[in-house]
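Working notes for the structure below.
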Amino acid sequence: MRLVRTLTVLVLGAGLMVGCNDDGISPEDLTLADLVGGWSADEFEFTSQSNPAESVDFITLGGEVTLSVADNGRYTIVMLPPQDTPDVSKGSVDVDGGFLLVTDDETPGDTVTFTLILSGNTLTIETGELEFDFGAGDEPADLHAVFSVPVGTTAVDLEGTWEATDWRYISEPAGADTIDVIADGGSLTMTVAGDATYSADVTIPGELPITETGVVMIVDDVMLLIDDIVPDDPMVFTFVLSAGTISLEGEGQIDFDDPPDGIDEDATIEIVLVLQ
């Protein structure tokens, strides 16, 4: 299912035939500021136009879709199919006269337009001007999608620069084996933008410093760091955000032997980041 391309090119790129309801904001009164923040899809259903009995609800199947919009007009969409790898789309967005003008980074010369419904914390999108593969190839389809502002932390809430005060690898086979990266002279600084993109400066003792870029996706108490270069293998952490501190716990592999024997072992990764 080519869900990300469908969302990015056809949802954000189509003229969506919707308006406002009694409790919503008139499209003509909408501004970019009304869309700034983190959104999570509650419904994302495609229905075949040739066979209305055939439909696919991405959320019901266990998928996740997040949308992050920054106040500078940058946006990021992350789609996480059930039991699959995430896919990411980034670009710029503006609101003009009730229309949303979107330019995907992959097609910088192609600005597209759509309309939308915004009612309170709910953003509803509907269109009949796209295609979806229900199993036999792309065909005309209707889309009904509802985004809301989720309860809890979103990637947008992490905007700022964070510095690691603790970064440890704890051996799972032998819990007494621990590597304290910070105490050994390493460092980690991560800057998160309002569109959920991040840049991380990483120094590990004995290795050259590197800068990694990517996208943050948050689903409940799970954080995914999706690297721009290797998006199919995101780092996955459970996390707690409290008083300007992020505590992360995940799984990875590292060589605990000194000198290294070239064999990585399973490890628990613990990182504490403090807002600067």
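The table for this structure:
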read-out: Scaled radius of gyration (Cα, divided by 2.2 N^0.38 Å) that region 155-275 gives; value: 1.05
read-out: Residues Leu275, Leu248 arranged by fewest to most Cβ contacts within 10 Å; value: Leu275, Leu248
read-out: Amide N proximity, region 216-238 versus Glu251 label position 7 Å along Cα-to-Cβ, cut-off under 20 Å; value: 217-227, 231-238
read-out: Label-point separation, Ile210 to Asp261 (7 Å along Cα→Cβ), nm; value: 2.5 nm
read-out: Rounded, prolate or oblate (a/c below 1.5 giving rounded, otherwise prolate when a/b exceeds b/c) for region 71-129 by Cα gyration tensor; value: oblate
read-out: Inter-site label distance for Thr85 and His144 at 7 Å from Cα along Cβ, in nm; value: 3.4 nm
read-out: Relative contact order computed over region 104-212 (Cα-Cα under 8 Å; 6+ residues apart), in percent; value: 16 percent
read-out: Equivalent ellipsoid, region 174-224 (semi-axes from 5 times Cα gyration tensor eigenvalues, Å); value: 25, 17, 8
read-out: Computed E for Asp96/Asp42 - FRET, C-beta separation, R0 22 angstrom, nearest 0.05; value: 0.25
read-out: Leu30 long-range amide H proximity, modeled H, under 5 Å; value: Gly98
read-out: Segment Ser50-Thr161, length gained on full extension (0.36 nm per residue, minus Cα span); value: 35.0 nm
read-out: Ratio of the Cα radius of gyration of the chain to 2.2 N^0.38 Å, where N counts its residues; value: 1.13
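Coordinate-derived values only; no laboratory data. Predicted model, so just to flag it, every value in this text is computed and none were measured. Positions of Cβ are backbone-derived with ideal geometry, glycine not excepted, and every protein chain shown enters the neighbour counts.
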